[in-house]
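Notes to accompany the following structure.
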Amino acid sequence: MESRNREKKSMSLITLQVLDGADRGRLFTHLRPPVTIGREEGNDVQLNDERVSRFHIKIQEDNERLVLTDLQSTNGTKVNGEDIKLRILRYGDIITIGRSLLRFGSRDEIALRFARLRGEQPASRSSEGAVGSREPLGQLDLNPNDDDLQAKLFRLEPPDLPSRLSPGQAAQLAEVLDYFHLRVRELIRAADPDPKATRVVLAAEHWQQLVDIQSRLAEYLRTVSDPDIER
């Protein structure tokens, strides 16, 4: 609880470090949202990258969370290897725009987050100035070029449900979640696990149902990220 409160207190200021690209090594600290990042002068963070749009992304605070929005950029935005239009940021997230990689959060903030996820008490400040778990920050197994980074982070920390929903919105969200819960439950029951093997067999029909679930989720994600698109 203490680490969560500490994270909230520091939420109003943003730290970004450029890990790769022409501006590699640059550190931007004490940025107060909203923050825009792009190639043009006038951005809070200006990057020397021709594949970055003039005004590429914006990070703003909403309901005690920091939300990244892609500003209809030409080459798109990724967070932890996933194409996004809209994403809640968490310390340690890797943002890819153009040829540039940016890490969100200071070393202290990232280390505190992962110590909390592992159920560990943060260690005292090291000689390098980072507060962290017993494992050095460089060994957190978070390779920014890892295509499965998003899945790794979600396994560590499932996203929170939205708060402050109206009764109608809460009912609508519950209906969507219930739909997928029932379909996944049917597929789990239909699976044929072999206790002597390490694999579970799914019939071709059930496999297609699983693919259909992914398809519907992809459609929902696209609609939520960009409500104005044609369905």
What do you get for GluC sites (Glu not before Pro) in the stretch 155-231 restricted to DSSP loop and a cutoff of at most 12 other Cβ within 10 Å of the site's Cβ?
Glu230
With a 1.4 Å probe and all protein chains kept in place, how much accessible area does Leu177 have, in Å² rounded to the nearest 10?
90 Å²
Write down the accessible area per residue of the stretch 182-223 in Å², having rolled a 1.4 Å probe over the full set of protein chains.
87 Å²
Among 195-201, 209-215, how do they line up by average Cβ neighbours within 10 Å per residue, starting with the highest?
209-215, 195-201
Amide H to amide H under 5 Å from Arg26: which residues, 5+ apart in sequence or cross-chain, H placed 1.01 Å off N in plane?
Val18
Calculate one ³J(HN,Hα) per residue across the stretch 171-186 by plugging θ = phi - 60° into the Karplus curve 6.51 cos²θ - 1.76 cosθ + 1.60, and present them in order as whole Hz with x for glycine and proline.
5, 5, 5, 4, 5, 5, 5, 5, 4, 6, 4, 5, 5, 5, 4, 4
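The values are calculated or read from the model by the stated rules, or taken from the named source; none is laboratory data. Worth saying up front: this structure is predicted, and the values here are computed from it rather than measured. Quick reminder, even Gly has a Cβ in these numbers, built from the backbone with ideal geometry, and neighbours come from all protein chains shown. Just so you know, the surface numbers come from the protein's heavy atoms only, side chains and all, with ligands and any DNA or RNA stripped out. Shrake-Rupley method; radii C 1.70, N 1.55, O 1.52, S 1.80 Å.
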